[in-house]
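S.K.: Provided herewith is a single structure, encoded as structure tokens, for subsequent inquiry.
The values are calculated or read from the model by the stated rules, or taken from the named source; none is laboratory data. Here the structure is a predicted model, which is why all the values come from computation and not from measurement. Please note: Cβ atoms are built from the backbone with ideal geometry, for glycine as well, and neighbour counts cover all protein chains shown. Heavy atoms of the whole protein, side chains included, go into the accessibility calculation; ligands, DNA and RNA do not. Shrake-Rupley method; radii C 1.70, N 1.55, O 1.52, S 1.80 Å.
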Amino acid sequence: MIAQSQSGTGKTAAFLLASLYRVKPEVKEPQVIILAPTYELALQTGEVAQQMAKYRPEITIKYVIRGEVLPRGTKLQDHILIGTPGKMIDWSLKYQFFDIKKIRVFVLDEADVMIDTQGLRAQSVKMKQFLPESCQMMLFSATYSDEVMEFARSIIREPVLILKLRVEEQSLDNINQYYIDVSNEQEKYEALTNIFGTISMGQAFIFVETKISASRLVQQLRKVLVFILLIVLCLQLTYF
């Protein structure tokens with residue numbers, strides 16, 4: 001199945017319900033693989049899965065993400081595996097912690113990212129080649145470009161399609177999107193600090209491309225925050 005729906009409309013609940021339904025608790029081995037493009041999304045999906053499965057304690061869930069280490073020779077008995085492609089390949093094909101040919105459900109969450117990112121695409125396809133013919137494959141995403149859709153159709157035979165939103169429908173009404181055209185990293189940083197300086201906000205997520213960029217941005221924003229706090233303190237002292 002290839003499914004598309006807006007952010008926040010229940011895609012995660014949909015594929016988790018389908019996955020939980022197909023698990024045979026009496027069979028003590030992995031039966032469901034759910035792949036996410038990032039560590040953070042895998043954790044988020046796992047938390048939702050645990051909430052949805054809390055009345056089925058016989059169904060167990062295992063994270064397959066960085067930081068999770070198993071001794072050689074381990075044979076997993078957990079029913080649902082949630083993780084990222086590279087780690088899942090290592091556990092299934094390299095270390096053989098579970099038999100991938102016994103998987104009943106295979107899910108790609110944020111499928112557009114998984115397919116459009118070359119490394120993730122290769123890893124996902126490699127894993128798909130070892131799945132049994134009877135395995136149910138499900139791709140979920142908010143967006144699909146023509147190229148991504150063509151590739152998705154090439155790896156899933158005769159898929160059921162739950163499509164397609166028009167471009168103007170791909171974002172929820174309460175989500176506004178804007179962009180600022182900048183020519184270099186310094187201009188990008190200045191634009192970001194201007195946004196924080198003019199718009200009142202309690203919390204924010206900032207997505208960057210690399211760990212180095214994230215570390216650099218944290219250091220820069222901390223300096224700005226310290227500077228602002230000093231100004232506020234000076235103004236208060238002057239007032240008194």
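S.K.: Quote the accessible area belonging to I80 in square angstrom, nearest 10, computed with a 1.4 Å probe and with ligands, DNA and RNA left uncounted.
M.R.: That residue has around 0 Å² of solvent-accessible surface.
S.K.: So, one more: So with the 1.4 Å probe, I'd like the accessible area per residue for the range 27-170, rounded to whole Å².
M.R.: On the way: 7610 Å² over 144 residues.
That works out to 53 Å² for each residue.
S.K.: Hey, another quick one. Compute the helix-to-body angle for 146-155: its Cα long axis versus the longest principal axis of the chain, expressed 0 to 90° and rounded to tens.
M.R.: Tilt of helix 146-155: around 30 degrees.
S.K.: Using a 10 Å cut-off on Cβ atoms, rank the peptides 179-191, 35-47 from the highest mean neighbour count down.
M.R.: Details: 179-191: 10.6, 35-47: 18.5.
The packing order, highest mean first, is 35-47, 179-191.
S.K.: While we're on this one: At 1.4 Å probe size, put M149, M138, M1 in order of accessible surface, largest to smallest. Numbers along the way, then the final one.
M.R.: Numbers: M149 25, M138 5, M1 50 Å².
Largest accessible area first, the list is M1, M149, M138.
S.K.: Can you run the Rg to Rh ratio on the range 1-74? Use alpha carbon positions and the Kirkwood inverse-distance Rh.
M.R.: On the way: Rg = 13.5 Å, Rh = 13.8 Å.
Reported Rg/Rh (Cα atoms, Kirkwood Rh): 0.97.
S.K.: Averaging the inverse of every distinct alpha carbon separation and then flipping it gives the Kirkwood radius. What is it for the chain, in angstrom units? Spell out each step's value before the answer.
M.R.: On the way: mean 1/r = 0.0485 Å⁻¹.
Result for the chain, one decimal place: 20.6 Å.
S.K.: Turning to a different aspect of this structure: What distance in nm separates the simple spin-label points at R56 and S134, each placed 7 Å from Cα in the Cβ direction?
M.R.: 1.8
S.K.: Sorting check: for 194-201, 7-14, which peptide has the highest mean count of neighbouring beta carbons within 10 Å, and how do the rest follow? Spell out each step's value before the answer.
M.R.: On the way: 194-201: 9.4, 7-14: 14.4.
Ranked from most to least packed, the peptides come out as 7-14, 194-201.
S.K.: Near A191, within a Cβ-to-Cβ distance under 14 Å, what is the net charge of the other residues, with Lys and Arg +1 and Asp and Glu -1? Each step should come with its number before you reach the end.
M.R.: On the way: positive: K188; negative: D181, E185, E187, E190.
Net charge around A191: -3.
S.K.: Between helix 185-198 and the chain, what is the angle of the helix's C-alpha long axis to the longest principal axis, kept within 0 to 90° and rounded to the nearest 10?
M.R.: 70
S.K.: Calculate how steeply helix 11-22 sits against the longest principal axis of the alpha-carbon atoms of the chain, using the helix alpha-carbon long axis, and give the answer as 0 to 90 degrees to the nearest 10.
M.R.: Here the helix axis deviates by roughly 20 degrees.
S.K.: Take K24, K75 and sort them by solvent-accessible surface of the protein heavy atoms, 1.4 Å probe, largest at the top. Show your work: numbers first, answer last.
M.R.: Numbers: K24 90, K75 135 Å².
Listed by decreasing accessible area, they come as K75, K24.
S.K.: Between the range 58-89 and the range 92-125, what is the separation of their alpha carbon centroids in Å?
M.R.: If we compute the Cα centre of each part, the gap is 13 Å.
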